[in-house]
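Working notes, structure below.
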Amino acid sequence: MKTGIYFWFGYNIDYTERLRLIKEASFDSIMLWWGDEFEDYKKIKRKLPDFAANYGLSVENIHAPIMGVNTIWLDNTNSLDILKKYEKAILDCSALEIPTVVLHVTDDKPDFAPTTIGLDRFKKLVDIAEKNSVNIAIENNGDAYLLEYLFSNIKSDRMGFCYDSGHENCYDKGYNFLDIYHNKIFALHLHDNDGTDDFHAIPGDGNIEWNIISNKIKRIGYDGAISLEVIRECTDLYSDINADEFLKKANKRVRDIFLEA
C-alpha cells in the first residue's frame with residue numbers, strides 16, 4: 001500500500017527538511033498546493049517535483065487555487081482570473097509530468113444554481129486537459145449538486161473525482177460520495193474532524209467512521225496512494241508534538257486503518 005501526504009502539513013520548516021521527514025515517515029508521494037500567495041513558495045514550487053524525486057517521492061497531484069472560483073459560474077470579468085489559473089495549472093501538470101490537478105468548483109458552500117456559462121467553462125478546461133493528457137479531479141466541498149450537474153453534462157475519461165473525507169463529514173454528511181463516484185476517483189484527500197469544523201486532523205482523531213471508508217475504497221479497487229490532507233495548524237490536537245512525530249503518527253494511523261479494515 002502506498003501512502004501520500006499534503007506537502008504543507010502545518011509546520012514551518014525548510015522544504016528540504018520537509019521532504020526528508022516525509023520520506024523518513026514512510027510516505028511515498030506528496031500533493032502540492034499550486035497557488036502563488038506566498039512569494040518564497042512561488043519561487044520553488046515548479047522545482048519541487050525534482051526535489052521530491054531526489055528523496056524517492058513522487059508528486060501525485062497539484063491543488064489549483066480556490067479563491068474566487070464561485071465567479072466561474074457567473075457572467076462577469078472577475079471569472080477570467082480563476083479560469084486563467086485553472087488553465088495554467090493544467091498546463092503546468094503537463095509540463096512537469098504530474099498526472100492530476102485537483103479543482104474546486106466553489107470556494108465556499110454555495111447558495112446559487114448551476115449555470116450554462118459555468119458548464120461551458122468547465123467543458124473548456126476538460127478540453128485543455130484532454131489535449132494535454134492531464135486528469136482533472138473535481139473535489140467535493142459542500143457543493144454536491146454542482147458536482148452532479150458537471151458529471152451529468154461532461155463525459156470525459158479525463159474528468160474524475162477527488163474524495164475529501166473531511167468535507168463530506170462537515171458539509172455533506174451522509175451523501176456517500178464514494179458510492180456515487182466509485183468509478184471516477186482520481187485522488188483522495190483524507191482527514192478527520194468532529195463534523196462541526198473542517199480541521200484536517202489525522203484519521204482516527206475525529207468522529208469519521210474509517211472502517212466504512214476504508215472498506216469502500218478497497219472495494220472499488222482504487223490503486224492510487226492513500227493520501228492524507230492533514231494540517232497540524234488547523235487544530236490544537238498536535239500542539240505538543242514536532243513535525244517528525246506528527247508525520248510518523250499520521251502514516252502509522254492510516255496504515256493501521258487501511259490494513260486492518
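Here are a few things to note about the model shown:
- Cβ separations smaller than 6 Å between residues 6+ apart or across chains give the following pairs from segment 239-261 residues that are farther than 17 Å from residue 208 by Cβ to residues that are assigned to a helix (DSSP H, G or I): 243/21; 244/21; 246/232; 247/21.
- Some residue of segment 78-88 being under 17 Å from the mean Cα position of the chain (by Cα) and among the hydrophobic types (A, V, I, L, M, F, W, C): no
- Of residues in segment 110-124 being touching a residue at least 40 places away in the same chain (Cβ under 8 Å) and crowded, with 16+ Cβ neighbours inside 10 Å, the one farthest from residue 34 (Cα to Cα): 114
- When residues of segment 71-82 are limited to those that are within 18 Å of residue 123 (Cβ to Cβ) and free of Cβ contacts under 8 Å to residues at least 40 places away in the same chain, the one least open to solvent (accessible area, probe 1.4 Å): 82
- From 186, 161, residue being part of a strand (DSSP E or B), farther than 13 Å from residue 122 by Cα and either open to solvent by 10 Å² or more (accessible area, probe 1.4 Å) or of a type in the set (D, E, K, R) (or both): 186
- Any hit, segment 174-193, residues being small (Gly, Ala, Ser) and touching a residue at least 12 places away in the same chain (Cβ under 8 Å): yes
- Of the residues making up segment 90-109, those that are under 17 Å from residue 68 (Cβ atoms) and surrounded by fewer than 16 Cβ atoms within 10 Å (Cβ to Cβ) are 108, 109.
The values are calculated or read from the model by the stated rules, or taken from the named source; none is laboratory data. None of these values were measured; they are calculated from a predicted model. Glycine also receives a Cβ, built like all others from the backbone with ideal geometry; neighbour counts cover every protein chain displayed. Each accessible area value is taken on the protein alone, full model and side chains, heavy atoms only, with ligands, DNA and RNA left out. Shrake-Rupley method; radii C 1.70, N 1.55, O 1.52, S 1.80 Å.
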